[in-house]
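Here the structure is laid out as structure tokens; the discussion comes afterwards.
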Amino acid sequence: MNRADKLKALQDAFQGQYRLLHQLHREERKKIMPFLEVHGLVNIRSCSALLSDLLVMPTESIIDRKKNDYITLRDCLRRFDEVDPKGSYYSYNAIGSLDADSSQYDAVALNYIQIRHPNYSNTYLQGGTIADLRHYFKQSASAFDEHPFLLLSLETDLSRFEWYFKKAKTA
């Protein structure tokens, strides 16, 4: 925010309107957080039954720009089974979000936690729960968004993240 915007926020605050001041405070807090954002990664084929009623958006809908195609994970898996009746391979992934303040899903196990740093590099943590994800989320800049939420990526193939944990062979 430039100086004129900051003065406007202070003038509004003197008049009892604190929205701009709160926004300015959020932006300043974001700058000092050690992480930009965090995401939970879950294998969609073996995820917890607790997530079956979670509203998700299949990635196909994201690609096709169907903005309101939120369905339960259970219905999403049914949709995937229509594409592949054997269920051996789900051809699509899904994205879901959780209320950052709700502890309803804290016991759900995650395959990985992705942490994005201010320099845009990523760190991957193997295992953990949604409670652990929330712990890292509270240390991220995205926790200070106007509508904070925990993002879960429900993936069919997590092998692209396994390279991070394989031990490097030495000569």
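The values are calculated or read from the model by the stated rules, or taken from the named source; none is laboratory data. Please read all numbers here as calculations on a predicted model, not as lab measurements. Just the protein is used for accessible areas: all its heavy atoms, side chains included, with ligands, DNA and RNA removed. Shrake-Rupley method; radii C 1.70, N 1.55, O 1.52, S 1.80 Å.
Relative intensity of the range 62-143 on a log10 scale, I(q)/I(0) at q = 0.24, 0.27 Å⁻¹, equals -1.18, -1.23, per a Debye sum over C-alpha point scatterers of equal strength in the absence of solvent. The largest accessible area among 95, 62, 113 belongs to the first residue in 62, 95, 113, and the rest follow in falling order (1.4 Å probe, all chains).
Dividing the alpha-carbon radius of gyration of the range 116-164 by 2.2 N^0.38 Å (N being the number of residues), what value is obtained? Walk me through the numbers on the way to the answer.
Details: Rg = 12.2 Å, N = 49, 2.2 N^0.38 = 9.7 Å.
Compared with the compact-globule rule of thumb, the range 116-164 sits at 1.27.
Only DSSP H runs of four or more residues enter the estimate; each adds -39500 (n - 2.57), and after division by the residues of the chain the mean residue ellipticity at 222 nm equals -8500 deg cm²/dmol.
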